[in-house]
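Heads up: the structure comes next, in structure tokens.
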Amino acid sequence: GDVYKRQVSTQSTWGENYNHYLEFLNLSYSIMSKSAIGNLDAQIQQLLQCKPLPEADVKQLCEKAKEIFMQESNVQPVRAPVTVCGDVHGQFHDLLELFKIGGMPPDTNYLFMGDYVDRGHHSVETLTLLIALKVRHRDRITLTRGNHESRQITQVYGFYDECCRKYGNPNVWRFFTELFDSLPLTALVESQFFCLHGGLSPSIDTLDHIRQLDRFQEVPHEGPMCDLLWSDPDDRTGWGISPRGAGYTFGQDISQQFNHTNKLKAIARAHQLIMNGYANTHDKNVVTIFSAPNYCYRCGNQAALMEVDETLKCNYIQFDPAPRAKGEGAVQKRVPDYFL
């Protein structure tokens, strides 16, 4: 208060007084936020050791993250350079390997295209770390929604059970699944690379159509929002019925037309296991990136990252799984395999 009084005590214009007041508020915010930043950094360090946060800290973290996500678009703009990543599925030590290879935020900008949880043994730590990094470096990391970021799917494929096992109740699962409803659906790198988890929808022709969707809800069983998170590219032309039971398959003619209409260089997406970690399809109109090596601890696949530099040139980096602690790869519970 004394600082502000001294600043405005001299005769000056209203505009100057207002600017002084804004400076005071910014100074106050910086002072207040130092302790919050320090606490957040300590939480990140704890998570990097694969140690879950207390339930109360997770709740507070989710509330802060929700405030950030609520301000982001259905088609969130992203600046290059950026490293684009696919599914990580709770494989925490492989996420650390990813950061070891690609660089740790905020030194490297990241765009993750969903499926942070389920199947792997450390979904809680994986998701909490990514959310903590988002809150700490909001402009350096972009997180979009995958088909596994839903209440129904996480109750089948492991995340719900893991939360109950590690916390003794489903509260943390509830905090995170409520947060999922605010995640952006897609991202757009320099207006050239359209990035999303699944694929295209027969209900959507333009990016503006996506911007108009109400995303703040559980993933519907059908419709354009569902399609964006579930669809897959296919060798056959046109639209097809998806063997997954949700979304569609779409051919090269569909992706070419979508890219032409929206002046895009390519579609980058995740959602499918790729043995080499990445695959260009549809005459390079679509690239699939999968970032969980040795998926489910048994598939034997490589993982990959896509680095987009300032000139929008793409470089793919493949990597193998991190060394495993003894017994970590053991299958604890059999879950349905809708796609491997």
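The values are calculated or read from the model by the stated rules, or taken from the named source; none is laboratory data. Here the structure is a predicted model, which means the values were calculated and not measured. Cβ sites come from the backbone with ideal geometry, for glycine too, and all protein chains shown count toward neighbours. Just the protein is used for accessible areas: all its heavy atoms, side chains included, with ligands, DNA and RNA removed. Shrake-Rupley method; radii C 1.70, N 1.55, O 1.52, S 1.80 Å.
With a 1.4 Å probe and every protein chain left in place, work out the accessible area per residue of the chain in Å², rounded to a whole number.
Details: 15620 Å² over 340 residues.
In whole numbers, the chain has 46 Å² accessible per residue.
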Among rounded, prolate and oblate, which fits the stretch 175-223 when a ≥ b ≥ c are the square roots of the eigenvalues of its C-alpha gyration tensor, a/c under 1.5 means rounded, and a/b larger than b/c means prolate? oblate
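With both bridge residues required to lie in the chain, what share of the DSSP beta bridges run antiparallel, to the nearest 5%? Write down the numbers at each step before the final one.
On the way: 21 of 41 bridges.
Within the chain, antiparallel bridges account for around 50 percent of the total.
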For GLY277, what residues show an amide H to amide H distance below 5 Å, using hydrogens built from the backbone and excluding near sequence neighbours? GLN302
Neighbour cut-off at most 14 other Cβ (10 Å), DSSP loop, chymotrypsin sites (Phe, Trp or Tyr not before Pro), the stretch 191-265: PHE216
Can you tell which of HIS121, HIS197, HIS209 shows the greatest fluctuation in a Gaussian network model of the chain with Cα springs below 10 Å? HIS209
Report which label in [x] 35, 26, 19; [y] 33, 32, 21; [z] 42, 24, 16 holds the value of semi-axes √(5λ) of the Cα gyration tensor in Å derived from the coordinates of this structure. [x]
Check TYR110: other-chain or 5+ apart residues with amide H under 5 Å from its amide H, H built from backbone geometry? THR83, ILE141, THR142
Which one, VAL219, ASN39, SER191, projects farthest toward the positive side of the charge dipole computed for the chain from Cβ point charges (K/R +1, D/E -1)? ASN39
Amide H neighbours of THR249 under 5 Å, at least 5 residues apart or on other chains, H built in the peptide plane: list them. ASP232, GLY240, ILE241, SER242
Taking 0.36 nm per residue of sequence separation and subtracting the Cα-Cα distance, how much length would be gained by fully extending the chain between ASP235 and LEU96, in nm to one decimal? 46.6 nm
In sequence order, what are the phi-derived ³J(HN,Hα) couplings for the stretch 55-64 according to the Karplus relation 6.51 cos²θ - 1.76 cosθ + 1.60 with θ = phi - 60°, rounded to whole Hz, with x for glycine and proline? 3, 4, 5, 5, 4, 5, 4, 5, 5, 5
Pop out the carbon and sulfur fraction of the accessible area of the chain as a percent, whole number, probe 1.4 Å. 50 percent
For the stretch 190-317, size of Cβ-based charge dipole, Lys and Arg +1, Asp and Glu -1, in debye: 240 debye
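Take peptides 74-84, 145-155 and line them up by average Cβ neighbours within 10 Å, highest first, as a rough protection proxy.
On the way: 74-84: 19.6, 145-155: 22.1.
Highest mean packing first, the order is 145-155, 74-84.
Could you give the size of the charge dipole of the chain about its Cα centre, using +1 on the Cβ of each K and R and -1 on the Cβ of each D and E, expressed in debye and rounded to the nearest 20?
Details: 33 positive and 40 negative charges, 133 e Å.
Roughly 640 debye for the chain.
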About the Cα centre of the stretch 206-276, how large is the charge dipole given +1 on each Lys and Arg Cβ and -1 on each Asp and Glu Cβ? Please answer in debye to the nearest 20. 260 debye
